[in-house]
């Protein structure tokens, strides 16, 4: 019985890992075993940070809304509560967009929320 060396499929798998590891420091881009570990670690970070990105953006939107709300004489929590009481259904992303790009429209929303 002959020994099987892996051949085509194994080479394909190794090439795929090394292609993904392009740009890694030192042996991380050249040695298959090290590249495989670094690649696995990178995929874990990528998965984790896709979730973290959502949290970071929501924090940023909250900060922007709060700053704009305080310029209009109210606080973030009072604004959000007032908007929900008034039946305005804008999410934080669009509120932050308004606060940055259209301050007059945001001021109108603040007036509407404080009534």
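Rule-based calculations on the coordinates, nothing more; no lab input. What you see is a predicted model; the values in this text were computed from it and never measured. Glycine gets a Cβ as well: all are built from the backbone with ideal geometry, and neighbour counts include every protein chain shown.
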List 57, 47 from most exposed to least, where exposure is judged by having the fewest other Cβ atoms within 10 Å. 47, 57
In deg cm²/dmol, rounded to 500, what helix-only [θ] at 222 nm does the chain give when every DSSP H run of at least 4 residues adds -39500 (n - 2.57) and the total is split over its residues? -25500 deg cm²/dmol
Please report, to two decimal places, log10 I(q)/I(0) for the range 4-64 at q = 0.13, 0.22, 0.24 Å⁻¹ as given by the Debye formula with identical point scatterers on the Cα atoms and no solvent. -0.50, -0.84, -0.91
Of the peptides 24-32, 8-16, how do they stack up when ordered by the mean number of other Cβ atoms within 10 Å, highest first? 24-32, 8-16
Which angle between 0 and 90 degrees, to the nearest 10, do you get for helix 7-20 versus the longest principal axis of the chain when only C-alpha atoms count? 40
Mean shadow area of the chain over all directions, Cα convex hull, nm²: 12.2
Length-normalised contact order of the chain, Cα under 8 Å, at least 6 apart, in percent, tallies to 19
Between the Cα axis of helix 76-86 and the main Cα principal axis of the chain, the angle (0 to 90°, nearest 10) is 70
Note the angle between two axes, namely the Cα long axis of helix 92-101 and the longest principal axis of the Cα atoms of the chain, as a number of degrees from 0 to 90, rounded to the nearest 10. 70
Report, in whole Å, the centroid distance computed from the Cα atoms of the range 14-35 and the range 55-115. 47
